[in-house]
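Nothing in this text is a laboratory measurement; each read-out follows from the coordinates by a stated rule. Only a predicted model underlies this, so the values are computations on that prediction, with no experimental measurement involved. Neighbour counts are summed over all protein chains in view; Cβ atoms, including those assigned to glycine, are modelled from backbone coordinates with ideal geometry.
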Amino acid sequence: MKSRFVRMAALLLALLFAAGAAVAAEPIKIGALFSVTGPPSFLGEPERNTAQMVVDDINKAGGIKGRPIELVVYDTTGDPTKAVQLATKLIKDDNVVAIIGPSTTGETMAVKPVTEKEQIPLISCAAGIKIADPVNPCTFKTAQNDTLAVERIYEHLQKHKITKVAILTVSDGFGASGREQLKNQAAKFGITLTVDDTFGPKDTDMTAQLTKIRGSEAQAIICWGTNPGPAVVAKNARQLGIKLPMFMSHGVSSKKFIELAGDAAEGIILPTGRVIVADLLPPSDPQKKALMTYVMNYKQRYGVEGDHFGGHAWDAVMLLKKALDQGADTPATIREEIE
Amino acid sequence: MRRELIKFALFAAVVLVIPATIKGGYLLNVLVFVGINTMLAVGLNLLLGFAGQISLGQAAFYGLGAYLSGILTATYGWNPWTAMAVAAIAVGILAFVIGFPILKLKGHYLAMATLGFGIIIYIVFNEYVDVTGGPSGFSGVPGLSLGDLHFDSDLKSYYLIWTMALLVMLLAVNLTQSRIGRALRAIHDSEVAARVLGVNARLLKVQVFTCSAIISGLAGSLYAHTVTFISPSTFGFHFSVELLTMVIIGGLGSIYGSCLGAALLTLLPEFLRTFQDYDIVVYGLLLIIMTMFLPGGLVQGFELLWMGMRRLRPGRAGRNA
């Protein structure tokens, strides 16, 4: 008796589901690869949160021409091998039309051959210049180029007649890419690098490198890295009484850096996206409204302020949305539309 | 020995039939990596399970194989097969040279020394930017091909890598059944006793260390040519520990156990994905439970199951009669 009831209930449920599926339009599947855990989790987590938030908002507003977006997120833990496997999974098992991410340059470079072979648009959230150079029709990225960030810093230096600079870069993908740009563009701005040193991503003391810089003729320090290294650099410089102006990269442009470095963060100059300073922008800025909404929504939903890493994911989803709005819903059409 | 060969043939048949039974493209892709990890785990098991010598530097040999193969083909335009052979030989020579001083150490000290070696190699991959591409990785490694056959799909890679893995397993099974295998086990139990009985323990340890390094190097080359991109984070300390877990979970001293361990540790995270954010917790718990209740590894679990079934059968027959 009981088993018959269960069977009936199951049948009823199955029917309901079938009916429900028939009514709702087929969702558009988008894949996402973020390193939500692992060393680059400071990138992956805000990116995942943001992407989910934006997709939910789009769906609440009726989706794309009545079709909801389904976001399939996988955690790569910052491991390129995993990123490759998961990209294959997204393409072959989940049949996504496009992929957002991964979070780091290394992972993106690993995934690129796979997505290119399968002709699936990849919108990376990493900054490395290698991703889009040489240009490939299937690969896009939303993060600012390192080139731009370096140019901004050098322009500033030129304006202040600083010609001798010490650079201190982290030995990971982000730092290596920044170091290359810093070295390549120095001559163009009449800048000589007096010290070119690196630090490990997990180092907790940089006094050795800073002492070397203090002994050199450098007039300014450029530190290129992502948290927590640069905060240590700032603190150590303060402890050693180094008064040189210090510049940092967009890799630390989040509130977290100020938290980590404390007072030592005072007076540090860095190039960044507008998201971080959204509330300080003049009202006339065309991006202000969008940025403020993003920051507020993020805070409302996750309790912390949105940063520019999440912003890259926001850009990526919005880029896709634009393409989808134009009626593109296959990998090939989306690719053309984004371009 | 004959029983061993039959066992191996059965296993090989299963491995070669698997692709026909699954349809998902993704699972096949993961199974390719299971093959690579099997090679690595078998290599480490020869050293740890049979000779009783620990190594926390296997990822370094794996990485050296990958980088040498990658650099020789992508930067210098070598033929991938030649590069693979040269890489394996180079890794072997390196292991042989460092093996003599390192393997004089025992227990924790040996673990420390191999760990140190692993970290040094990792730093070289990371910092020698001009050659290795540094932390952002090394791309453009060509894929493998045999004449007109290009190993560019998961199915083809599967057969290539599993053929290699099966060869390595056959070699390992053969080795452990031989006089050398018995000598290695004797070293494991008591090095002094083995030496008294005329086993050249020192040389034998270095030889098995070299052998396991060559297998790891080979696996690294295969990885580089299959993924076509390599970066240092794949070959860090973390991976050495993961390999150690594979060997121990699978069963020390069992070649098939290593394959099981590699399969479990590579596939389990994929199946645990349904737990979403809690997958790592479940994964850790499962590993703890397995080591607590099956200290001899998964292989022991299967043996217990087999024995339990045997005991049940006569009992059931008695009840029926």
Report task. Order by neighbour count: B:Asp148, B:Asp154, fewest other Cβ atoms within 10 Å first, most last. Result -> B:Asp148, B:Asp154
Report summary line: Applying the gyration tensor rule to the Cα atoms of the stretch B:167-321 (axes a ≥ b ≥ c; rounded if a/c under 1.5, else prolate if a/b exceeds b/c, else oblate), the class is oblate
Query - Radius 13 Å from Cβ of A:Gly241, net charge of other residues (Lys, Arg +1; Asp, Glu -1) - result: +4
Query - Cα gyration tensor category, rounded, prolate or oblate, for the stretch A:146-272 with a/c compared to 1.5 - result: rounded
Report task. With only Lys, Arg, Asp and Glu charged, each at its Cβ (+1 for the first two, -1 for the last two), find how big the charge dipole of the stretch A:205-339 is about the Cα centre; round to the nearest 20 debye. Result -> 420 debye
Report summary line: Here, trypsin sites (Lys or Arg not before Pro) of the stretch A:223-307 satisfying both criteria (DSSP loop; at most 10 other Cβ within 10 Å) are A:Lys243
Query raised in the report: In the neighborhood of A:Ser103, defined by Cβ-to-Cβ distances under 11 Å, what is the net charge if each Lys or Arg adds +1 and each Asp or Glu adds -1?
Result: -3
Report summary line: Links exceeding 21 Å between C-alpha atoms in this model, out of A:Lys141/A:Lys255; A:Lys82/A:Lys299; A:Lys65/A:Lys322; A:Lys130/A:Lys202; A:Lys29/A:Lys112; A:Lys255/A:Lys322, come to A:Lys141/A:Lys255; A:Lys82/A:Lys299; A:Lys130/A:Lys202; A:Lys255/A:Lys322
**Report entry** Rounded to 5, the percent of DSSP beta bridges in the protein assembly as shown classed as antiparallel
**Finding:** 15 percent
Query raised in the report: Which of rounded, prolate, oblate describes the protein assembly as shown, given a ≥ b ≥ c as roots of the alpha-carbon gyration tensor eigenvalues and a/c under 1.5 marking rounded, otherwise prolate only if a/b is larger than b/c?
Result: oblate
Report task. Identify all aspartates and glutamates with a Cα-Cα distance to B:Lys156 below 20 Å; exclude those on the same chain that are fewer than 8 residues away in sequence. Result -> A:Asp93, A:Glu116, A:Glu118, B:Asp148
Report task. Kindly work out what percent of the DSSP beta bridges joining two residues of chain A are antiparallel, to the nearest 5. Result -> 5 percent
Query - Percent RCO, i.e. relative contact order, over the stretch A:204-339, from Cα pairs under 8 Å lying at least 6 residues apart - result: 17 percent
Query raised in the report: For chain B, what relative contact order do you get, as a whole percent, if you take Cα pairs closer than 8 Å and at least 6 residues apart?
Result: 31 percent
Query raised in the report: Longest span of chain B, sites excluded, free of trypsin sites (Lys or Arg not before Pro) in DSSP loop with at most 16 other C-beta atoms within 10 Å?
Result: B:107-321
**Report entry** Dipole of the protein assembly as shown [Lys/Arg +1, Asp/Glu -1 at C-beta], most positive-end residue of B:Phe33, A:Gly311, B:Gly147
**Finding:** B:Phe33
Report summary line: The relative contact order of chain A, taking Cα pairs under 8 Å that sit 6 or more residues apart, comes to a percentage of 16 percent
